[in-house]
1. Take every Cα-Cα distance within region 47-114, group them into 5 Å bins from 0 onward, and report for each bin the whole-number percent of pairs it holds.
2. Enumerate the residues in region 35-62 having an amide nitrogen under 14 Å from the point lying 7 Å beyond the Cα of Val15 toward its Cβ.
3. In whole Hz and in residue order, list the ³J(HN,Hα) couplings for region 158-172 that follow from phi through the Karplus curve 6.51 cos²θ - 1.76 cosθ + 1.60, θ = phi - 60°; x for Gly and Pro.
4. If you wrap region 2-119's Cα atoms in a convex hull and average its projection over all directions, what's the area in nm²?
5. Using the structure shown, select from Lys25/Lys114; Lys6/Lys114; Lys6/Lys115; Lys7/Lys119; Lys25/Lys138; Lys25/Lys84 the pairs with a Cα to Cα distance greater than 29 angstrom.
Amino acid sequence: MVWRVKKAPGDTDTVYGPVSTEVLKEWADSAQIAPHDMVDESDENWRPASEVEFLEMLWVVHLPGEETYGPTTIGTLREFIHEKLITEKTVATHVKTNQSLPIAALFAAVEFEKKRAMKRPPKEVMKSTASLAVDMAKDQRIRQLEEDLKELRREHESLTHRFRQLSLQLEGGTVPKIASSKK
C-alpha cells in the first residue's frame, strides 16, 4: 500500500510520498507527521493522520503555554522530550480510554509490554487444554470422514462395475430370468 502526506494547511500544503505503510509509521513515530496532517492512499480519501489506526496516534499532552498537542504517537513524545518541549513528568492522556499518566510511566509500560511480548510463546502453545481437545476431536473427525469417503468411493466403483456388467449382459441377451414369486 502506498500513502501520501499533505501537511496541515498553514504548514506548507506540500504533498510527500508516495511511501509505504512502514515508512508512514516511521514518520509518525519520529514526529514528522502532525495530528492534523492529512494522509491518503488514493487521492480521494484524505483524512487526518490521527484517524489512521496503524499510526497509533493515541496520546494528548499539554505543552508549555497551555497548548494541547495530539493525538500523537509515543515516538513523537520521545522526540518532544529530546527537544525539551516536555519532560518525563508531563502527563499524557490516552484519547480512547481517557487514562492519564506521566510520560515516564507510559514509557515504562511500553517497554514492559515489549519485553512481555518477546517472552510470550507462539499462539499455538498458548492454547488451553479445552481448545487443544477440541482441535484433536476435529482432526479425528476429519480422519474418520476421509475414511468413510474412501469406503463410499470403493462401494460406488463396485456398484458401477456391477451395473456395467449387467448392462452388457442385457445387451447380449445373457441375463438370467428372474423367477416370479407369484403362486
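1. Taking every Cα pair in region 47-114, the percentages come to 4, 17, 29, 27, 16, 6, 1.
2. Answer for region 35-62: 38-47.
3. Computed from phi, the couplings for region 158-172 are 5, 5, 5, 4, 5, 4, 4, 4, 5, 4, 5, 5, 5, 5, x Hz.
4. Reported value for the Cα convex hull: 8.1 nm².
5. Correct reply: Lys6/Lys114; Lys6/Lys115; Lys7/Lys119; Lys25/Lys138.
Readers should treat all values here as calculations from the given coordinates under stated rules, not as data from a laboratory. Here the structure is a predicted model, which means the values were calculated and not measured. Heads up, the Cβs are rebuilt from the backbone with ideal geometry, glycines too, and the neighbour counts pull from every protein chain shown.
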